[in-house]
Amino acid sequence: MGYFVLQIKTGREEIFLKQVRQWLLFREKQQRFFFPQRELIIRRRGKLARQLRPLFPGYIFVEAEKIDPELYNIARFMPDFFRFLRDNHHITPLCDRDLALIRHFVSFGEVVGRSQVFFDDNDRIVVTNGPLKGLEG
């Protein structure tokens, strides 16, 4: 299966997923829609709160063999949809480095936890643990 990307209105990822899953419920075994999220601890007004934010804001990923005409037409007419990547006439799956990056984050589940980092003697960031380990630089 390949990974395809839809660009949508930023901040509307959850709403878009809910709507598209309702429309494509009868095809749920043919494709899987998702957007990786990251867990953040945000301080507001002196209080700490856990929040989930998209790892790639404005992008929804589709795991499927191909984008067939039915899937294309349903997604294209959804509110908040902009385009497929590369473009609507040349829909291409992720490959090479982009594919490796998405598979790396998907291996942690749909919610990516926090990484532990520190600065070394040369003021470079070193990741000791978590999803960003191995992605330094």
* Asked: Along the range 33-40, what does the Karplus equation 6.51 cos²θ - 1.76 cosθ + 1.60 (θ = phi - 60°) give for ³J(HN,Hα), rounded to whole Hz, x for Gly and Pro?
  -> 9, 7, 9, x, 10, 10, 8, 10
* Determine how large the accessible area of residue 67 is when every protein chain is in place; take a 1.4 Å probe and give Å² rounded to the nearest 10. => 30
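With every protein chain left in place, what is the accessible area per residue of the range 40-137 in square angstrom, probe 1.4 Å? Walk me through the numbers on the way to the answer.
On the way: 7020 Å² over 98 residues.
With all protein chains present, the range 40-137 gives 72 Å² per residue.
Which percent of the accessible heavy-atom area of the chain goes to carbon and sulfur, probe 1.4 angstrom?
Values: 4830 of 9350 Å².
Accessible surface attributable to carbon and sulfur in the chain totals 52 percent.
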* Structure fact -> Expected max-MSF residue from 85, 40, 94 in the GNM of the chain (alpha carbon, under 10 Å) is 40
* **For the range 40-84 versus the range 1-31, the gap between their alpha-carbon centres in whole angstrom** => 8
* Dipole of the chain [Lys/Arg +1, Asp/Glu -1 at C-beta], most positive-end residue of 104, 40, 74 -> 40
* To do: Give the long-range amide H neighbours of residue 130: residues separated by 5 or more places, or on another chain, with amide H under 5 Å away, using H modelled in the peptide plane at 1.01 Å from N.
  => 116
* **Relative contact order for the chain, counting Cα pairs under 8 Å that sit 6 or more residues apart, in percent** => 31
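For an R0 of 41 angstrom, estimate the FRET efficiency from the Cβ-Cβ distance between residue 9 and residue 128 and round to the nearest 0.05.
Numbers: r = 36 Å, r/R0 = 0.89.
Step by step, r from the Cβ atoms, then E = 0.65.
Which GluC sites (Glu not before Pro) from the range 1-96 combine a DSSP loop assignment with at most 13 other Cβ atoms within 10 Å?
Working: sites: 13, 14, 28, 39, 63, 65, 70; in loops: 28, 65.
Taking the range 1-96 and a limit of 13 other Cβ atoms within 10 Å, the loop GluC sites (Glu not before Pro) found are 28, 65.
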* Within straight cross-link reach of residue 18, meaning Cα distance under 19 Å, which lysines are found once same-chain residues fewer than 8 apart are removed? -> 9, 29
* To do: Count neighbours as other Cβ atoms within 10 Å of each site's Cβ, and list the chymotrypsin sites (Phe, Trp or Tyr not before Pro) in the range 44-97 that are DSSP loop with at most 10 such neighbours.
  => 77
* Which chymotrypsin sites (Phe, Trp or Tyr not before Pro) in the range 95-137 pass both tests, a DSSP loop state and at most 14 other beta-carbon atoms within 10 Å? -> 108
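The values are calculated or read from the model by the stated rules, or taken from the named source; none is laboratory data. Keep in mind that this is a model prediction, so the values were computed, not measured. Every residue, glycine among them, receives a Cβ derived from its backbone with ideal geometry; neighbour counts consider all protein chains shown. What goes into the accessible areas is simple: the full protein's heavy atoms, side chains included, and nothing from ligands, DNA or RNA. Shrake-Rupley method; radii C 1.70, N 1.55, O 1.52, S 1.80 Å.
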